[in-house]
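Student: So that we are looking at the same thing, I have put the structure below in structure tokens.
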Amino acid sequence: MRNKHYPNLFTPIQIGDIVIPNRIAMVPTDISSANADGSVNQRVITYHEQIAKGGCGFLIVGATTPDKATGRPTVTCVAADEDPLIPGLSHLAEAMHRYGAKCAVQIQHPGRQAAWPRKNLMSASDHVLDVPGSAGHEVIYAESIAQGKTIRAMTVEEIYDLIEKFGEAAWRVKQAGFDAVELHGAHGYLIAQFMSPFVNKRNDRFGGSFINRMRFTMEIVNRIQMKCGRDFPLGIRYSGDEWIEGGRRLDESVKVAELMEEMGLAYVDISAGIFESPGTVMDPMYYPEGWNTYTAEEIKKHVKIPVITSHSLRNPEYCEKILAEGKTDMVGMSRQLIADPYWANKAKTGKKEDIRRCISCLVGCWQESLMIKRDMRCAINPAIGDERFIHLQPAKKSCKVAIIGGGPAGMEAARISALRGHKATIFESTGELGGAMLYCCTVPGKNKMRWHADWLRCRMKKLGVEIKYRTEPTAKDLKDFDVVLCACGGKVAKPEIPGIELSLVVTFEDVLRCKNKKCEYYPEDKAEPVECGENVLIWGDHFGAADAAEKLGTAGKKVTIVTENKDFAEWMEPCHRDVMMKRFASGNGEGLKSKTYVHPVTVIANASILEIKKDGTVVIVNSNFVRSMVKVDTVVLAKVVPNDDLYESLLEAGLTVAKIGDVKKVHNLRGAVTDGANAALVIEEGVMLNANNELISNLPTGVEL
Ligand SMILES: Cc1cc2nc3c(=O)[nH]c(=O)nc-3n(C[C@H](O)[C@H](O)[C@H](O)COP(=O)(O)O)c2cc1C
């Protein structure tokens, strides 16, 4: 029966001789959650099982190494390099099959981009390239810069040894019961290193001409077909465009697809980029939905085998549209299914407003996990990596929970509290829920943050959370609550320097005030944003500073940033920072066809401000005590400190009160959501504070406090 909401999305498709129940693929996602020996564990199973349960038709397990000793893409990736790993893999396949999904494993050797080992990394070539934010994770290990990174070209003997290992790994995957195998030829990992004219500088039969650069891949394909049979579906993922000068462009990518089809491959999975162009591999929030679809569309014109497209696909309507228009055969999603494993079922049943859309922040799934050699998390879905949130335990008795502040921490706390059966009340000082998330709405390319704000706001309604707008409660108002969560966020610091009270000095909050009057949550009494003059100085190094610079830079203002740090926005997720810094230099993020800034953004690092004069002259001092001056029309303050005044008074009044989000430590969305979720998970009758002023409940029997 054709689905009445999205008929194309829910039409089956054949890959080789397997029938996939719908057009939704989980494109490979290395969640770095396996055991240290690469064996599958319950966390890996649960992750994939939830997505299969959520109705995804085809799941491709992320980068799985054929040789742990020479290359792991992440330190705890899945491995398929030994027979004793087969039973674990078979449990993984079973968990997905149980829910009607078909599944594959992506086999990948990271080559130069290995997270482990750190030294003597194998590649097609021996030249070391600067790989920003690379999966080589060179920023992460101690003394990495001083020690240098050693990459060397593989010998022909090593190449053939690894070809054999790819074949063996594929055989183990088949043996474990998977329906297909995929080769990872994208993003600058080893197969891509051979395929790429940018990386591969060999002058033997594995380098040079197109067919020589394809030889490593072709030999692997041959080996897998010999070991698994030509009828065992084999696909390949590679980048339609590497987005780098001298790299593979779309015309050669078409040739790759034709060659792979000729060799008997069952499908092609078209990704984007190489790690030298990180924004295209894992596209930041700025990228519009489906910006990479054109590559699949072109390739599809030249082959008959199914084509998968991916990158920033989030909305079922959009996915339905590109399928209906024949631009792709399947839609691939990675981060969307991290944020909401049940995307497919929600789309199928017409509940699209319930989909927790991924905002592409890359903070939980990359910056604060894989990039620092940890297992994968998600900024907006606390259930990733923490099974306590998958099957929430209802509270034994409903409690009255007061939450001060309706930002992401407060709303997430209210959501989990309500789901567990508590009665949650949010006290919000303004007329609108959303907190710091709303500042992003005004920044070109960052309005995806609004998606999460709206999702949470919609949950508040659906869960019947009581909201008291424009209310700042005192200890007296809160005395009847069992527990109080202080989620008041941060506040802009006003350093005591001459001129700080001048009218030309404003805060990032004034500048980034969202004025989308069409928004259903827009309060009538909301003040208009402050208009800045042509020359603006931003003082601070926080999201507010970066967002204000992006908003004003896009609007054509001349922006100067003053930061006390040695560089601006070092805390920022590297793919975002890479794109932002390119735009600050009046360039463009690769693959991003946005308007470039008229003026480059100037960053004055290692500096602070001593005085702001009436005529707009700002006196700056650097770390060598050298003074300089700039003349501006507006100064934007963007240093943020915890807004914890209320907390202290509530604690003194003897309330059971805990801090969550920025009021605890100025951090980011992930910090806020995680804090809110964790606090709400603990709330039970008799909840109390421990010696660290954190909430505790359910103490073991016999422990008396
Ligand atoms: C945490 C994480 C792990 C990933 N692991 C893999 C992988 O193992 N293999 C791969 O080909 N791509 C991997 N990718 C890239 C994704 O498959 C996908 O191409 C990219 O995230 C853009 O698509 P999306 O917007 O649907 O996330 C990974 C991405 C993320 C965020």
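Coordinate-derived values only; no laboratory data. No experiment lies behind these values; they were computed from the predicted model shown. Backbone-built Cβ (ideal geometry, glycine too); neighbour counts: all protein chains shown.
Student: Pairs to check: Lys255/Lys595; Lys448/Lys582; Lys346/Lys551. Give those whose C-alpha atoms are more than 26 Å from each other in this structure.
Tutor: On the way: Lys255/Lys595 32 Å; Lys448/Lys582 21 Å; Lys346/Lys551 34 Å.
As for pairs spanning more than 26 Å Cα to Cα, those are Lys255/Lys595; Lys346/Lys551.
Student: Percent antiparallel among DSSP beta bridges with both residues in segment 510-613, to the nearest 5?
Tutor: Values: 0 of 8 bridges.
Once the DSSP bridges in segment 510-613 are tallied, antiparallel ones form about 0 percent.
Student: Further question on the same structure: Quick check on the chain: helices-only [θ] at 222 nm, where DSSP H runs of length 4 and up contribute -39,500 (n - 2.57) each and the sum goes over total residues. Nearest 500, please. Write out the running numbers ahead of the final one.
Tutor: Values: 20 runs with 198 residues, N = 705.
Counting only the DSSP helices, I get -8000 deg cm²/dmol.
Student: Next up: Please report, in whole Å³, the volume per residue of the convex hull around the C-alpha atoms of segment 492-641.
Tutor: Details: hull volume 19.9 nm³, N = 150.
Value for segment 492-641: 133 Å³ per residue.
Student: Sticking with this structure for a sec: Just report the Cα centroid separation between segment 622-689 and segment 192-214, whole Å.
Tutor: One Cα centre to the other: 52 Å.
Student: Shifting gears a bit: Based only on the alpha carbon positions, what is the Kirkwood hydrodynamic radius of the chain, in angstrom? Walk me through the numbers before you get to the answer.
Tutor: Working: mean 1/r = 0.0373 Å⁻¹.
One decimal place: 26.8 Å for the Kirkwood radius.
Student: Can you tell me, using C-alpha contacts under 8 Å and at least 6 residues apart, the relative contact order of segment 344-482 as a whole percent? Provide the component values of the computation, followed by the final result.
Tutor: Numbers: 201 pairs, mean separation 32.8, N = 139.
Over segment 344-482, the number comes to 24 percent.
Student: For segment 217-284, which trypsin sites (Lys or Arg not before Pro) are both in a DSSP coil and crowded by at most 16 other Cβ atoms within 10 Å? Kindly include the intermediate steps, with their values, before the conclusion.
Tutor: Working: sites: Arg223, Lys227, Arg230, Arg237, Arg248, Arg249, Lys255; in loops: Arg230, Arg248, Arg249.
Sparse-neighbourhood loop trypsin sites (Lys or Arg not before Pro): Arg230, Arg249.
Student: Here's something else I'd like to know. Most exposed first by the Cβ proxy, i.e. fewest other Cβ within 10 Å, how do Asp547, Asp231, Asp375 rank? Intermediate values should be presented prior to the final figure.
Tutor: Working: Asp547 24, Asp231 11, Asp375 18.
Fewest to most other Cβ atoms nearby, the residues stand as Asp231, Asp375, Asp547.
Student: For Thr11 and Glu262 in one chain, what is 0.36 nm times their gap in residues minus the Cα-Cα distance, to one decimal in nm?
Tutor: Working: separation 251, 0.36 × 251 = 90.36 nm, distance 2.64 nm.
Using 0.36 nm per residue and subtracting the Cα-Cα distance, I get 87.7 nm.
Student: Using a cut-off of 9 Å between beta-carbons, work out the net charge of the residues near Asp81 (Lys and Arg +1, Asp and Glu -1, Asp81 not included). Provide the component values of the computation, followed by the final result.
Tutor: Numbers: positive: Lys68, Lys165, Arg172; negative: Asp67, Glu82, Glu168.
Local charge sum for Asp81: 0.
Student: Relative contact order for segment 619-705: what percent, with Cα pairs under 8 Å and sequence separation of 6 or more? Before the final figure, lay out each step's value.
Tutor: On the way: 68 pairs, mean separation 15.2, N = 87.
It comes to 17 percent, rounded to a whole number.
Student: Check each of the GluC sites (Glu not before Pro) in segment 631-705 and keep only those in coil by DSSP with at most 14 other C-beta atoms within 10 angstrom; list them in order. Kindly include the intermediate steps, with their values, before the conclusion.
Tutor: Values: sites: Glu648, Glu652, Glu684, Glu685, Glu694, Glu704; in loops: Glu684, Glu685, Glu694, Glu704.
Listed in order of number, the matching sites are Glu685, Glu694, Glu704.
Student: With +1 on each Lys and Arg Cβ and -1 on each Asp and Glu Cβ, how big is the dipole of the chain about its Cα centre, in debye rounded to the nearest 20? Please report the intermediate quantities before stating the final value.
Tutor: Numbers: 88 positive and 89 negative charges, 249 e Å.
Here the chain has a charge dipole of around 1200 debye.
Student: Continuing with this model, one more query. Taking the Cα centre of segment 492-641 as origin, work out the dipole magnitude from +1 charges on Lys and Arg Cβ and -1 charges on Asp and Glu Cβ, in debye rounded to 20.
Tutor: Working: 20 positive and 22 negative charges, 89 e Å.
Result for segment 492-641 is approximately 420 debye, rounded to the nearest 20.
Student: Roughly speaking, what is the centre-to-centre gap between segment 148-178 and segment 1-45 when only Cα atoms are used, to the nearest Å?
Tutor: Using only Cα atoms to place each centre, the spacing works out to 24 Å.
Student: Let me ask another. Take the Cα radius of gyration of segment 1-132 and divide it by 2.2 N^0.38 Å, with N its residue count; two decimals is plenty.
Tutor: Segment 1-132 yields a ratio of 1.21.
Student: A follow-up question, please. Would you mind calculating the relative contact order of segment 492-641 from Cα pairs under 8 angstrom and at least 6 residues apart, reporting the percent as a whole number? Walk me through the numbers before you get to the answer.
Tutor: Values: 293 pairs, mean separation 50.0, N = 150.
After rounding, I find 33 percent.
Student: Place +1 on the Cβ of every Lys and Arg and -1 on the Cβ of every Asp and Glu in segment 13-356, take the dipole about the Cα centre, and give the residue among Gln336, Asn212, Ile151 whose Cα lies farthest towards its positive end.
Tutor: Working it through, the farthest residue towards the positive pole turns out to be Gln336.
Student: Ok, one more. Among the trypsin sites (Lys or Arg not before Pro) in segment 38-115, which ones are in a DSSP loop with at most 11 other Cβ atoms within 10 Å of the Cβ? Mind listing them? All intermediate terms of the calculation are to be shown ahead of the outcome.
Tutor: Values: sites: Arg43, Lys53, Lys68, Arg98, Lys102, Arg112; in loops: Lys68, Arg98.
Filter output for segment 38-115: Arg98.
Student: Set the Förster distance to 41 Å, then compute FRET efficiency between Asn606 and Val19 from the Cβ-Cβ distance, nearest 0.05.
Tutor: Numbers: r = 61 Å, r/R0 = 1.49.
With R0 = 41 Å, the Cβ-Cβ based efficiency is 0.10.
Student: Please give the FRET efficiency for His599 paired with Glu353, using the beta carbon to beta carbon distance and R0 = 60 Å, rounded to the nearest 0.05. Spell out each step's value before the answer.
Tutor: Details: r = 40 Å, r/R0 = 0.67.
Efficiency, from the Cβ-Cβ distance: 0.90.
Student: Here's something else I'd like to know. Be a star and scan segment 3-35 for residues whose amide nitrogen sits under 20 Å from the point 7 Å along the Cα-to-Cβ vector of Val75.
Tutor: Answer for segment 3-35: 30-35.
Student: Would you mind calculating the gained length between Val626 and Val156 on full extension (0.36 nm times residue separation, minus the Cα-Cα distance), in nm to one decimal?
Tutor: Working: separation 470, 0.36 × 470 = 169.20 nm, distance 5.75 nm.
Gain in length upon complete extension: 163.4 nm.
Student: By the gyration tensor of its Cα atoms, with a ≥ b ≥ c the square roots of the eigenvalues, what is the shape of segment 13-356: rounded for a/c under 1.5, prolate for a/b over b/c, or oblate?
Tutor: The shape class here is rounded.
Student: Roughly speaking, what is the centre-to-centre gap between segment 264-306 and segment 453-506 when only Cα atoms are used, to the nearest Å?
Tutor: Each part's Cα centre sits 42 Å from the other's.
Student: Please give the length that would be gained between Thr617 and Glu570 if that part of the chain were fully extended, namely 0.36 nm times their separation in residues minus their C-alpha to C-alpha distance (nm, one decimal).
Tutor: Roughly 14.2 nm would be gained on extension.
Student: Something else now. Please name which of Val640, Met376, Cys103 has its Cα lying farthest along the dipole of the chain towards the positive end, using unit charges on Cβ (Lys, Arg +1; Asp, Glu -1) and the Cα centre as origin.
Tutor: Cys103
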